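K.L.:
For reference, the structure I am asking about is given below.
The values are calculated or read from the model by the stated rules, or taken from the named source; none is laboratory data. The shown structure was predicted, so the numbers you read here are calculated from the model rather than taken from an experiment. Positions of Cβ are generated from backbone atoms using ideal geometry, with glycine treated the same way; all protein chains shown enter the neighbour counts. The area values use the complete protein model at the heavy-atom level, side chains included, leaving out ligands, DNA and RNA. Shrake-Rupley method; radii C 1.70, N 1.55, O 1.52, S 1.80 Å.
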Amino acid sequence: MRGHDWINNSLPDELIVEIFSHLHTKSTRDACSLVCRRWFRLERRTRATLRIGAAHLFLDLLPTRFSSLRNLYIDERLSIPLQLGRKRTAEEDSDLESVCLSDAGLSSLGEGFPNLHRLGLIWCSNVSSDGLTSFARKCSSLKALDLQGCYVGDQGLTAVGQCCKHLEDLNLRFCEGLTDSGLVELAVGVGKSLKSLGVAACAKITDISMEAVGSNCCSLETLSLDSEFIHNKGLLAVAQGCPALKVLKLQCINITDDALKAVGTSCLSLELLALYSFQRFTDKGLRAIGNGCKKLKNLTLIDCYFLSDKGLEAIATGCKELTHLEVNGCHNIGTLGIEYIGRSCQKLTELALLYCHRIGDVSLLEVGQGCKFLQVLHLVDCSSIGDDAMCSIASGCRNIKKLHIRRCYKIGNKGIIAVGKHCTSLIDLSIRFCDRVGDGALTAIAEGCSLRSLNVSGCHQIGDAGVISIARGCPQLCHLDVSVLQNLGDMAMAELGENCTLLKEIVLSHCRQITDVGLTHLVKSCTMLESCQMVYCSGITSAGVATVVSSCPNIKKVLVEKWKVSQRTKRRAGSIIAYLCVDL
């Protein structure tokens, strides 16, 4: 633009800044900032959100470069250089300590950004209560604070409660230095504004803290608890004191039916309930939820061994607004429970059944007939579900956009052909390790659906014919996983290269018939390719790896055996090559 820079000559800073304010994606803003130095400077002035590592060397410069910043997330894990295969020296360990965010650095951020709304300190191990106290006093308008993995103490949390009266969101995950004293003081200080609280792996936080939350945080809407030190008493207090609760996630082995009954009785606005690894409650607790929480939309049940079909019946009968259901590893829930869901929950849009060996075809027949709005279906290790179930889903749930199936050995060509015939909106299909699915199924999918993502890893009956059909019928394909297909060869690669020019990610690992010739055809037109995984492909040599690296200008990751990377390729693209194994 040198000599003819009409835009920069005509537009003032204020107008360019206004234009930048309407760019909502990070990639677009980053691209604009690289046009020239002026745009780089002005884009930084308008950026509201920043995610960085914890290196303190440039923290003092942030306020001058990002004057409009409102959301700052610092993740110390991004600052640690991984040099695998070599032990760090004492001097390097000292250098790592020096780049960690310190109390002084956090205090400096408070001075530079007094109007900050959201702060995330992820695994910032050098931050203590002193730094948090100093920051809280300078940023009284803070609305969200994430202290995951920070070893701060009660003093710092008390300061937040005293100074940040607008705090709405607090995450205390892996904060091992906290006790009840700090959380109680915070609940008293910001109880009127706090809407979301997460507590996990904090061994010194007990029912005393939850009682304080229940007494002071009447506006609380989201609560996530993962603790073996919280019992019924704590959750009862929250249920009775926080009637506005909408989201509840629990992984607390000492909570029983009595606590869930209180939730069902008091939290009538509950919309999402997730129960993980519960061993001490039964259908009685779930029945209370079904009777009281009529607005429930999302239910997740993981490893809840004492729940049965009767519990799901209560949910189906009472929670007509249910849209999302996940049942994972609940071995006493069978066909009858999902039948109830299919008959009563007509608004269901997403269903996930994982490791449910007692759920059979009849259950999905009911879902197919009753849940016409279903868009997402996950089936993992459901050994009793077969083609009849898939045919019913395909004919009844024609709005399905995402279908993921793994290790369901009774599902074969018949079921997937029905999906291709009826589910024309399908864009994401994953059929992993389904031995009865072959080329005919993929041909039907290609004829009826315009896929953007396909995973057929481990489906041994699929070969060139099926993948060629996909290549010709799904030109919008962006993500493809054909790993562990022993019958797939270069012909399929040539068709993919010719027809699927939008391909961004491909996984070819364990495909022994694919050679350098096939790779050459693949990458000839797939210039948008960003990721290619090709380990244990005996027909691919260092020449094929070099072809991928040199032909794909957007490539970001190549996974391959180390011995297949030549010195020249390593010099040209060492930063994007990942090896299957590292030197130990």
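K.L.:
What is the residue count in segment 427-449 for residues that are buried (at least 24 other Cβ atoms within 10 Å of the Cβ) and either assigned to a helix (DSSP H, G or I) or not β-branched (Val, Ile, Thr) (or both)?
P.N.:
Residues in segment 427-449 being buried (at least 24 other Cβ atoms within 10 Å of the Cβ) and either assigned to a helix (DSSP H, G or I) or not β-branched (Val, Ile, Thr) (or both): 6 in total.
K.L.:
Among the residues that make up segment 141-150, is at least one of them closer than 24 Å to ARG45 by Cα, open to solvent by less than 40 Å² (accessible area, probe 1.4 Å), in contact with a helix residue (DSSP H, G or I) (Cβ under 9 Å, 6 or more places away or on another chain) and at pLDDT 95 or above?
P.N.:
The answer is yes, given that some residue of segment 141-150 is closer than 24 Å to ARG45 by Cα, open to solvent by less than 40 Å² (accessible area, probe 1.4 Å), in contact with a helix residue (DSSP H, G or I) (Cβ under 9 Å, 6 or more places away or on another chain) and at pLDDT 95 or above.
K.L.:
Any chance segment 334-353 includes a residue that's farther than 29 Å from THR424 by Cβ, small (Gly, Ala, Ser) and without any contact (Cβ under 8 Å) to a residue 60 or more places away in the chain?
P.N.:
Yes, there is a match, as at least one residue in segment 334-353 is farther than 29 Å from THR424 by Cβ, small (Gly, Ala, Ser) and without any contact (Cβ under 8 Å) to a residue 60 or more places away in the chain.
K.L.:
List pairs: first residue in segment 462-482 and small (Gly, Ala, Ser) and modelled with pLDDT of 95 or more, second residue part of a helix (DSSP H, G or I) and open to solvent by 30 Å² or more (accessible area, probe 1.4 Å) anywhere in the structure, Cβ distance under 7 angstrom, at least six positions apart or on different chains.
P.N.:
GLY463/ASP439; ALA465/ASP439; GLY466/ASP439; GLY466/THR443; SER469/THR443; ALA471/GLU495; ALA471/ASN499; GLY473/GLU447
K.L.:
Something else now. Give me the pairs: first residue in segment 394-410 and farther than 18 Å from ILE359 by Cα, second residue among the aromatic types (Phe, Trp, Tyr), beta-carbon distance under 9 Å, and six or more apart or on different chains, which are they?
P.N.:
The qualifying pairs are CYS397/PHE373; ASN399/PHE373.
K.L.:
Do you know which of the residues in segment 392-426 that are over 29 Å from the mean Cα position of the chain (by Cα) and among the hydrophobic types (A, V, I, L, M, F, W, C) is surrounded by the most Cβ atoms within 10 Å (Cβ to Cβ)?
P.N.:
Among those residues, the one meeting the criterion is ILE417.
K.L.:
Now for a different question. Please go through (1) under 28 Å from the mean Cα position of the chain (by Cα); (2) crowded, with 18+ Cβ neighbours inside 10 Å for GLY264 and return the number of the only condition it doesn't satisfy.
P.N.:
The single condition GLY264 does not satisfy is (1).
K.L.:
Pairs only if they're at least six apart or on different chains, beta carbon under 6 angstrom, first in segment 536-547 and farther than 16 Å from VAL507 by Cα, second among the small types (Gly, Ala, Ser) and open to solvent by 30 Å² or more (accessible area, probe 1.4 Å); list them, first residue then second.
P.N.:
Filtered contacts from segment 536-547: SER542/SER566.
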